[in-house]
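The values are calculated or read from the model by the stated rules, or taken from the named source; none is laboratory data. Keep in mind that this is a model prediction, so the values were computed, not measured. Using ideal geometry, Cβ is built from the backbone for each residue, glycine included, and neighbour counts are taken over all protein chains shown. With ligands, DNA and RNA removed, areas are computed over all heavy atoms of the protein, side chains included. Shrake-Rupley method; radii C 1.70, N 1.55, O 1.52, S 1.80 Å.
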Amino acid sequence: MALLDVNNLEAFYGPIQALHGISFSLEQGGITTILGANGAGKTTTLRAICGMVKTGGDVKFDGESIAGKKTESIVRYGVAHVPEGRGTFVRVSTEDNLRLGAYSRRDAAGIAEDMERVYGYFPRLKERREQQAGTLSGGEQQMLAVGRALMLRPRLMLLDEPSFGLAPLIVRELFEILRVINKEEGVSMLLVEQNATLALNLADNAYLLETGRVVISGTSDEISADETIRQSYLGY
Amino acid sequence: MEELIQQVLGGIATGAIYACIALSVVMIYQAIDHFNFAQGEMAMFSAFITWQMIDWGANYWVAFFICIAVSFIGGVAIERIVFAPLHNAPVFTHIVVFIALFQIFNAGAGFIWEFTIKEFPSPFPERLPFDTTLIGPHELGMTVVTLIMLGLIFLFFRFTPIGLAMRAAAAAPDSARLVGISVGWMLALGWGLAAAIGAVGGMMIAPVVYLEPNMMLGILLYGFAGAVVGGLTSPGGAVLGGFLMGVIEPLAGMAIGSELKLTVALVVIVTILIFKPSGLFGRVVVQRV
Ligand SMILES: Nc1ncnc2c1ncn2[C@@H]1O[C@H](COP(=O)(O)OP(=O)(O)OP(=O)(O)O)[C@@H](O)[C@H]1O
Ligand SMILES: [Mg+2]
């Protein structure tokens, strides 16, 4: 059974409909990427899964419908969202940001352990643990956003352009870490990326969105070989 | 010299009450971006509740703590019932609702307890254990009680997970929801705390200004001024701003005469704001995009 099953999902911003019934699923332990031009509805898809916009259609997580539930309740299923713009709590320290990531957990020992693990992945964050998070560099805040999501000990991560604003070297590092998290911790991932090459490289499956509709879907290899995708998104 | 010290110490004592109101106002302001004009009236109503319990024969401190609990629950209820449905409403809707709340508490207190002035007991001994003419026992007592409360509030926000979650919910509600924080309940808790802090201020100042439905008007003004001077983005700044207002007022009175002390105090505020528009301690948030 699929971990995430999205069925005919619609999303509305007031009178504007941003998603026109998209369907896809994500296997337990898999990585799926959503590609698309600016404004295609990638961010909206992630927000809709988390109940952050008004939606229609159905979303099932591990067989249970989470459509219409509150964002804060969906998080408790183990769905961690690394939002567009990073969502840093700017006025509190780096470490308090990580602590907030574990807000819904009660196992103090596990939380402490995960904090060390996050610092292991991102030693930069450890150096800056007492620093006000708003003063971290863009890249450090992106690491913090991923770290904060890991503090939930998630089953599914929704990643909205994690490479945004990062230097190429750091991007490679971050994606290597995502691969490790996926392989070793079995965390499933739904990845939105502008950098299609990078995303297709990491993901097993891919969906292409255009103005709120899925227009192409397939395995990453199929999509990488697709003529349209290559010309419009991979640029060769 | 002695008069100066007396005036300053007395100013710190009333400043403590302004600080309570300033802090309550700023806590709500940070969460919903609006001034709660009714904060003073809520505090006044709380003081009446305590008076009623004492009048029925309750011990002062028992009544004091019951009043804090009742005020807290009342604050939570006001947020849940009145403000939760309004959270996206325009500014004017909020203003009208605040005015309505103000009127409800003011007239409600007058209706239940009448507009006549009542004596409110001081819980502190009539004589200090040491000899001093610098400060009266009630002034000293109310300063100490308020400082203890402000200290507890500081520790709560700084060191407890709920305090951290409340700060996160006020500053970045979307991110807060994404880590599983119920932002609505955090707002409600904030209202509860603000009401409880105001209640302590109201009970402490009531023996000084006497108990009546309009007793908080002047104090609310000074509390607001303290909040603005200290900086609306900084709860600690608002508290210091409250104390500052308390001290400036009597000093202005000494220097110029009591007719103009309010004027002078306001001129000082405006001057500070001209040079520091975000208030003395208002932070310009450091944020990269
Ligand atoms: N808050 C909003 N109010 C109204 N319309 C919105 C809002 N947010 C997004 N939209 C609209 O919804 C559509 C999809 O936006 P979305 O942010 O999901 O795009 P995206 O694929 O993430 O784009 P990008 O690559 O630029 O991040 C766009 O047409 C956008 O204008
Ligand atoms: Mg987007």
With the requirement that a residue be of a type in the set (Lys, Arg) and either more than 14 Å from chain B (Cβ to nearest Cβ) or under 24 Å from A:Gly101 (Cα atoms) (or both), what does region A:48-78 give you?
A:Lys60, A:Lys69, A:Lys70, A:Arg76
Per the list (1) in contact with a Ser or Thr (Cβ under 8 Å, 6 or more places away or on another chain); (2) at positive phi; (3) within 14 Å of chain B (Cβ to nearest Cβ), residue check on A:Gly134 breaks on (2)
Taking the conditions exactly as written (at pLDDT 95 or above, more than 16 Å from the chain's Cα centre (by Cα) and open to solvent by less than 30 Å² (accessible area, probe 1.4 Å)), does B:Ile78 satisfy them or not?
yes
Look at region A:48-70 and say how many of its residues are open to solvent by less than 10 Å² (accessible area, probe 1.4 Å) and within 19 Å of B:Pro173 (Cβ to Cβ).
3
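Checking the condition open to solvent by 30 Å² or more (accessible area, probe 1.4 Å) and among the small types (Gly, Ala, Ser), which residue from B:Ala171, B:Ala89, B:Ala176 passes?
Working: B:Ala89 fails: open to solvent by 30 Å² or more (accessible area, probe 1.4 Å); B:Ala176 fails: open to solvent by 30 Å² or more (accessible area, probe 1.4 Å).
Going through B:Ala171, B:Ala89, B:Ala176 in turn, the sole match is B:Ala171.
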Starting from region A:9-27, keep only residues that are away from chain B (no Cβ under 14 Å) and in a strand (DSSP E or B), then list their pairs with residues that are away from ligand 1 (no atom under 11 Å from the Cβ) and of a type in the set (Phe, Trp, Tyr) whose Cβ atoms are within a distance under 8 Å, requiring at least 6 positions of separation or different chains.
A:Ile22/A:Tyr207; A:Phe24/A:Tyr207
In region A:158-185, what residues are within 16 Å of ligand 1 (Cβ to nearest atom) and open to solvent by less than 10 Å² (accessible area, probe 1.4 Å)?
A:Leu158, A:Leu159, A:Asp160, A:Pro162
Taking the condition of being among the charged types (D, E, K, R), part of a loop (DSSP other than H, G, I, E, B) and within 16 Å of ligand 2 (Cβ to nearest atom), how many residues in region A:32-90 meet it?
2
If only one of A:Arg155, A:Arg124, A:Arg129 is in contact (Cβ under 8 Å) with a residue 12 or more places away in the chain, farther than 27 Å from A:Thr197 by Cα and either away from chain B (no Cβ under 14 Å) or surrounded by fewer than 22 Cβ atoms within 10 Å (Cβ to Cβ) (or both), which one is it?
A:Arg129
Residues satisfying the stated conditions in region A:198-231, i.e. within 16 Å of ligand 1 (Cβ to nearest atom), touching a helix residue (DSSP H, G or I) at 6+ places or on another chain (Cβ under 9 Å) and not in a strand (DSSP E or B)
A:Leu198, A:Ala199, A:Gly212, A:Ile229
Specify which of the listed residues (A:Thr32, A:Thr45) is in contact (Cβ under 8 Å) with a residue 24 or more places away in the chain, more than 9 Å from ligand 1 (Cβ to nearest atom), β-branched (Val, Ile, Thr) and more than 14 Å from chain B (Cβ to nearest Cβ).
A:Thr32
Tally, over region B:177-207, of residues that are within 10 Å of chain A (Cβ to nearest Cβ), assigned to a helix (DSSP H, G or I) and either touching a Pro at 6+ places or on another chain (Cβ under 8 Å) or more than 20 Å from B:Val26 (Cα to Cα) (or both)
3
